[in-house]
Amino acid sequence: MKIPGRRRRPAGPAAEALPAQSADVLPDPGVEVLPDPGADALPDPGADALPGAAVDAVIELAAAARTYPGPPPVHALRPTDLTVRRGEYLAVAGPSGSGKSTLLNVIGLVDRPTGGHYRLDGIDTGPLAEADRTALRGRRIGLVFQAFHLLPYRTATENVMLAQVYLATPRDRRRTEAVDALLAVGLGHRLDALPSAMSGGERQRVAIARALVNRPSLLLCDEPTGNLDSASAARVMDTLDALNAGGITLVVITHDPAVAARAHRSITLRDGQLSEDETKLSTGRPR
Amino acid sequence: MRRPVRRPRHPDVPGTRMTARDLVAESVAGILQRPARTALTVLGTLLGVGAFVAILGLTATARGQISSDFTVLAATQVTVKDVGAPDQGGQAAAAARYEFPDDADQRVERLNGAVHAGTYWQVFKTPPDVSTRSGPAIGTASGDTQGAEGLTVYAASPGLLRAVGPTLGGGALYNTFHDSRRMHVAVIGSAVARHLGIGSLAARPALFINGTPYTVVGILQDVERLPNLLLSVMIPERTARADYGDPAPDYAAAMLIQTRVGAAQLIARQAPLALRPDRPDHLQAVPPPSPHALQDSVTGSLDSLFLLLAGITLVIGTVGIANTTLVSVLERTGEIGLRRSLGARPRHIAAQFLTESAALGTLGGLLGTAVSIVVTLSVALAHHWTAILDPWTTLPAPLIGTLTGLLAGAYPALRAARIEPAEALRR
């Protein structure tokens, strides 16, 4: 089995490209990227050696696959190509067991693909050290979970501030940034509420604020409405719509067709195989 | 489990880190989230460290107390008091009496464990006139040096002079011969000799007690027991009884027995019966305050036993912290996954749990030390002892708690660091 992610540098084509990338970072003002802090250090995508690389791609999967070793081996994600551009709103639908979680883990950098390449913000994640993958995850990806994962003894603001701990954000900036993030999801009135005093929808919006506070390149939501009643779910989806309208790149993984329908682009996973929803493509409006 | 291959760091992605302040803040928050559980966890370390410090403090205090009043001399001395007939009330008590048999010294010295024994009492109620001249003391050119008032005269059996552990400054002690013949001889203390101006015994100097002459046969340079004998004149017991009668009730006779080490209790039980088989209750034996030598060695072995118990308590405390931290790790798997997703590296997770358990241990150590100091002080105060706390064992005691916590937290922290975020977040 070919596992490029495990190969030492310099080995693969992507690895060879890395020094060139860093050399190109500074002297190329011609390439205008979105005012995203995650893009500050972005390499020039033009130097990209991978086929199908887009100028403003956030996620680029090239034949990325994930196989769980057997016996028998489970091909949770068959070789998949996927490009998500900056500002896109993508829904990944599919029944349970279709490989949604595997795709989420690969994109969210909590799992390594066993084959192919995954580039986040133009950085090939394959040859990265584990510490760098962790850093990328913390700085460039905001994760939202079905189970919220809020700390029960901390207020909404404190829960959001937890995300700033590992980035060592200066302490005097933490509270104002956290409050800004909570305001952005419409929770200005619940700043000091404990999770136990909040509705499910409010909790999920606190979690979204926590994912946003470090201004990631990508907001990755895993069944964000899975634990919510329809009214709360609608509020959360409205919040996500608004965020996307404000320029946030969104990937929502869901089995709920109603949630998938709100995305501008939808793909469906079935048995680890990805298929693009053609009807959606026409309405998709990548910025 | 996938083991990461060591790779060079990517230059464009600043690594995530955790400041010391954040580490402490997160750990303290973790501890304060469950105050009841924290208190119970701390209790184990508290008891362990507390027992440790308290045992060291209490034994040091008690030992200081014992050694202050423990001497071999005191442990080998028995006093037998002449208490008279206990049931005859005022009349008998008012009469002069001498309940010891004539061969009292020999009877006790025959007992196995006794070394020397002798009776003594103060002869005169009022200080007698003691001088080196036969007549009433008259002031001379040499002043008062040849006569003295206020000296005590003791009747002392020959055995007593041996039992006090004498050092002779000159001459010899009187013996049974002098005693049985009721001879007028005297042994004087060194202070008396200086006072009376008696330097050499070569000329057989005499001294007069209320006008009665006594030949000075010996001078006591020093004694181990009854130091007031150095300020006194001793005359043979039978001489005293012949001249002045039985001792007055206020100055009842007593017997001093020197015993071998460890035999004092035995001799104290046997002496009254050996002296007066018919009326043992007329005599009261006073053994040394307590068998200190024995007590000391017993305390020593108790020490190590208690320290062992303290160590066991500490081990239990360690296991308690380990258990709590492990439960906490399993309980907070979701939180760990979340923190990993927010950029925490395994070492950050491990450091957080290690800091939590170390803080728990330190808290227990501090509280345990404080409690044990209070206990030691209270016990010392209640016994009117001087509390002795060695700073070298007391001050570092909280660190024992810290070490306990670190030790206990090592495995749970490792477990926490190894939790895969993907699995943790699935919950």
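Could you please put A:SER230, A:SER98, A:SER275 in sequence from largest to smallest accessible area, using a 1.4 Å probe? Spell out each step's value before the answer.
Values: A:SER230 100, A:SER98 5, A:SER275 60 Å².
Putting A:SER230, A:SER98, A:SER275 in descending order of accessible area: A:SER230, A:SER275, A:SER98.
Normalised by the empirical 2.2 N^0.38 Å for globular proteins, what value does the Cα Rg of the range B:73-290 take? If you can, show how the numbers build up before the last one.
On the way: Rg = 17.6 Å, N = 218, 2.2 N^0.38 = 17.0 Å.
Normalised Rg, Cα atoms only: 1.04.
For chain B, take the convex hull of the Cα atoms, compute a quarter of its surface area, and give me that in nm², please. Before the final figure, lay out the partial values.
Values: hull surface 146.3 nm².
Taking the Cα atoms of chain B, their convex hull projects to 36.6 nm² on average.
Antiparallel DSSP bridges in the range B:73-290: what percent, to the nearest 5?
75 percent
Search the structure for amide H atoms under 5 Å from the amide H of B:VAL83, placed 1.01 Å from N in the peptide plane, and list their residues when 5 or more places away or on another chain.
Close amide H contacts, sequence-distant or interchain: B:LEU283, B:GLN284.
Apply 1/(1 + (r/R0)^6) to the Cβ-Cβ distance of A:ASP192 and B:LEU305, taking R0 = 51 Å, and write down the FRET efficiency to the nearest 0.05. Could the numbers behind the result be given before it?
Numbers: r = 55 Å, r/R0 = 1.08.
The value I calculate is 0.40.
With every protein chain present, what accessible area does A:LEU194 have (1.4 Å probe, heavy atoms only), rounded to the nearest 10 Å²?
About 70 Å², ignoring ligands and nucleic acids.
Hey, quick one: spin label on B:THR176, modelled 7 Å out along Cα-Cβ, who in the range B:236-277 has an amide N within reach, i.e. under 18 Å?
Of the residues in the range B:236-277, B:236-239, B:256-258, B:274-276 have backbone N under 18 Å from the label point off B:THR176.
May I ask you to compute the full-extension gain from B:ASP103 to B:ASP281, defined as 0.36 nm times their residue separation minus their alpha-carbon distance, rounded to one decimal in nm?
Numbers: separation 178, 0.36 × 178 = 64.08 nm, distance 1.84 nm.
Taking 0.36 nm per residue and subtracting the Cα distance, the gain is 62.2 nm.
Counting alpha carbon pairs within less than 8 Å and at least 6 residues apart, what relative contact order, in whole percent, applies to chain B? Present the calculation step by step, with values, prior to reporting the outcome.
Values: 792 pairs, mean separation 119.9, N = 427.
About 28 percent, as a whole number.
Within the range B:101-136, what residues put their amide N at less than 19 Å from the label point 7 Å along the Cα-to-Cβ vector of B:LYS81?
B:101, B:118-123
In square nanometres, what is one fourth of the surface area of the convex hull spanned by the alpha carbons of the range B:221-269? Mind dumping the intermediate values first?
Values: hull surface 20.5 nm².
Approximately 5.1 nm², given one-decimal rounding.
Output the antiparallel fraction of DSSP beta bridges having both residues in chain B, as a percent to the nearest 5.
Details: 35 of 46 bridges.
In chain B, DSSP labels about 75 percent of beta bridges as antiparallel.
On a full-extension model of 0.36 nm per residue, what is the gain between B:ALA20 and B:ASN112, subtracting their alpha-carbon distance, rounded to one decimal in nm? Provide the component values of the computation, followed by the final result.
Details: separation 92, 0.36 × 92 = 33.12 nm, distance 7.47 nm.
Net length gain for the segment: 25.7 nm.
If I take R0 = 45 Å and measure r between the Cβ atoms of B:LEU395 and A:ASP180 in this structure, what FRET efficiency does the formula 1/(1 + (r/R0)^6) give, to the nearest 0.05?
Numbers: r = 49 Å, r/R0 = 1.08.
The computed FRET efficiency comes out at 0.40.
With every protein chain kept in the model, how would you rank B:HIS384, B:HIS178 by accessible area, 1.4 Å probe, largest at the top? Show your work: numbers first, answer last.
Values: B:HIS384 165, B:HIS178 35 Å².
Most to least solvent-accessible, the answer reads B:HIS384, B:HIS178.
Top mean-square fluctuation among B:LEU173, B:LEU23, B:LEU56, Gaussian network model of chain B, C-alpha springs under 10 Å?
It is B:LEU23.
For peptide A:162-175, compute the average count of partner chain beta-carbon atoms within 10 Å of each residue's beta-carbon. Mind showing how you got there, number by number?
Values: counts 8, 5, 3, 15, 14, 7, 9, 2, 1, 4, 0, 0, 0, 0.
The shielding value for this peptide is 5.
What is the spin-label model distance, in nm, from B:GLN221 to B:ARG269 if the labels are put 7 Å beyond Cα along the C-beta direction?
Simple spin-label model gives 4.0 nm for this pair.
Taking Cα centroids, how far is the range A:190-266 from the range B:354-425 in Å?
45 Å
On the full set of protein chains, 1.4 Å probe, figure out the accessible area of B:TYR251 and give it in Å² to the nearest 10.
Approximately 70 Å² for this residue.
Kindly provide the helix-only [θ] at 222 nm of chain B, computed as the sum of -39,500 (n - 2.57) over DSSP H runs of four or more divided by all residues, to the nearest 500 deg cm²/dmol?
Working: 16 runs with 219 residues, N = 427.
Value at 222 nm, helices only: -16500 deg cm²/dmol.
For the range A:148-273, what is the convex hull (Cα atoms) projected area averaged across all directions, in square nanometres? Walk me through the intermediate numbers first.
Values: hull surface 33.4 nm².
It is 8.3 nm².
For chain B, set up a Gaussian network in which alpha carbons nearer than 10 Å are linked by springs, and say which option among B:VAL327, B:VAL185, B:VAL379 fluctuates the most.
B:VAL327
Need one number: nm distance between label points at A:ALA168 and B:LEU231, each 7 Å from Cα along Cα→Cβ, rounded to one decimal.
8.0 nm
Not counting ligands, DNA or RNA, and with a 1.4 Å probe, what is B:THR325's accessible surface area in Å² rounded to the nearest 10?
Surface accessible to solvent at B:THR325 totals approximately 10 Å².
Nearest 0.05, what FRET efficiency do B:LEU168 and B:LEU377 give at R0 = 41 Å with Cβ-Cβ as r? Mind dumping the intermediate values first?
Working: r = 49 Å, r/R0 = 1.21.
E between B:LEU168 and B:LEU377, to the nearest 0.05, is 0.25.
In the range B:147-273, what % of DSSP beta bridges are antiparallel (nearest 5)?
Details: 11 of 21 bridges.
The antiparallel fraction comes to roughly 50 percent.
The values are calculated or read from the model by the stated rules, or taken from the named source; none is laboratory data. What you see is a predicted model; the values in this text were computed from it and never measured. Ideal geometry is used to build each Cβ from the backbone, glycine not excepted, and the neighbour counts take in all protein chains shown. Surface areas here come from the heavy atoms of the whole protein model, side chains and all, with no ligands, DNA or RNA. Shrake-Rupley method; radii C 1.70, N 1.55, O 1.52, S 1.80 Å.
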